[in-house]
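Below you'll find the structure, written out as structure tokens, and then a few comments.
Every number in this text was worked out from the coordinates using simple rules, so none of it is lab data. Note that this is a predicted model, so its numbers are computed, not measured. Virtual Cβ from ideal backbone geometry, glycine too; neighbours counted across all protein chains shown.
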Amino acid sequence: MATWQDFCAIAPMGGGRELSPTAWLFELPGNGEGRSQKVFAFHEVIKPDFGVIRVSSAVAHIADVDVEKVIRSFGQLLAGGIGYAPMFDDDASPVDGFLNVVSSIPLAALDLSDPKPFLLYLFIVARAADDTEQKISSLGTADLL
């Protein structure tokens, strides 16, 4: 069974950069030369004390697409699913946001004594997100609005 502290100890091995005590950023290779994908890992707790790592990578600005069409087209991903992350204005009110490829992994199910399998999973999510982002872009805004 892993802890968030175990994750924080191995995150730099995968190129992670700590953003806060509960968030890490990984900039991982995308699909194709020169492409990269930002993948975020967040520590979250489902009450009362069930810890998870939520992995998230943005694929589209929500204002640019018809969410129903995106879900119908890309809702059956091999790695993760489509989720939403709001952006906030200066008053901390939610405004707009991004569609993301998201996944959650229970800390209790992880063995980080060998970090390679989990770091590989981050690469898989990055590739799935980049692939979804490219497919959304290739459809064109008119097809998704």
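Listing for the model above:
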quantity: Crossing angle, helix 116-139 versus the chain [Cα axis fit, 0-90 degrees, rounded to tens]; calculated: 10 degrees
quantity: Extended-chain gain in nm, criterion 0.36 nm per residue less alpha-carbon gap, residue 109 and residue 69; calculated: 11.0 nm
quantity: Pairs of Lys in the chain closer than 24 Å at Cα, counting only those 8 or more apart or on different chains; calculated: 4
quantity: Computed [θ] at 222 nm, helices only, for the chain once each DSSP H run of length n ≥ 4 contributes -39500 (n - 2.57); calculated: -9000 deg cm²/dmol
quantity: Rounded, prolate or oblate (a/c below 1.5 giving rounded, otherwise prolate when a/b exceeds b/c) for the range 63-145 by Cα gyration tensor; calculated: oblate
quantity: Sparsely packed GluC sites (Glu not before Pro) within the range 9-57, loop by DSSP, other Cβ within 10 Å at most 10; calculated: 33
quantity: Computed Kirkwood radius, in angstrom, where 1/r is averaged over Cα pairs of the range 4-139; calculated: 15.7 Å
quantity: Taking 35, 127, 72, 54 and counting other C-beta atoms within 10 Å, the order from fewest to most; calculated: 72, 35, 54, 127
